[in-house]
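Derivation of every value follows stated rules applied to the coordinates shown; laboratory data play no part. Since this is a predicted model, take the numbers as computed values, not measurements.
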Amino acid sequence: LGLITILEACTSQKYINNYVLNNNTLTVRKSEFTAVNKKTPTELPFVMLKPEQSPFPIALYKDGDSNYNALFMQCTHQGCELNPYELMIVCPCHGAEFNTKGEVTQGPAEINLKSFITTHDHENIYIQLS
């Protein structure tokens with residue numbers, strides 16, 4: 001587990017501002033999951049969004065080719081902001097861990113993360129905030 005955490009620490013977070021908020025729905029282009037390093041495109045496992053009205057960011061994870069998980073980055077243990085990684089989400093305050101679907105994998109948290117309903121079409125992902 002320690003080795004996974006060290007390896008995942010190298011994962012960079014991509015905050016995106018290129019989204020649309022309309023009627024409590026965030027629209028994110030699927031192309032946001034592609035990063036270009038040294039002219040080579042790379043698929044990112046997740047992107048981060050920080051809507052203006054939200055006290056915490058939202059991590060949008062790509063789960064295979066057709067599923068997306070949108071998770072509120074507030075720990076359900078004592079409310080700390082979470083650190084997302086490629087394969088897990090970790091609370092820096094007390095060490096709780098969650099998988100990329102928001103399910104608790106290690107305490108002290110006992111409640112899964114708040115998640116949002118997501119749908120998608122050929123070009124976009126839609127996150128229902130309410």
Next on the checklist: Test of understanding: in a Gaussian network model of the chain with alpha carbons linked when under 10 Å, which of PRO55, PRO45, PRO84 would top the mean-square fluctuation ranking?
Outcome noted: PRO55
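Over all directions, what mean area does the Cα convex hull of region 52-103 project, stated in square nanometres?
Mean orientational projected area (region 52-103, Cα hull): 3.8 nm².
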Checklist entry - Taking the radius of gyration and the Kirkwood hydrodynamic radius from Cα positions alone, what is the Rg/Rh ratio for region 43-130, to two decimal places? => result 0.96
Next on the checklist: Run the numbers for ALA35 and ASP65: contour at 0.36 nm per residue of separation, minus the present Cα-Cα distance, in nm.
Outcome noted: 9.1 nm
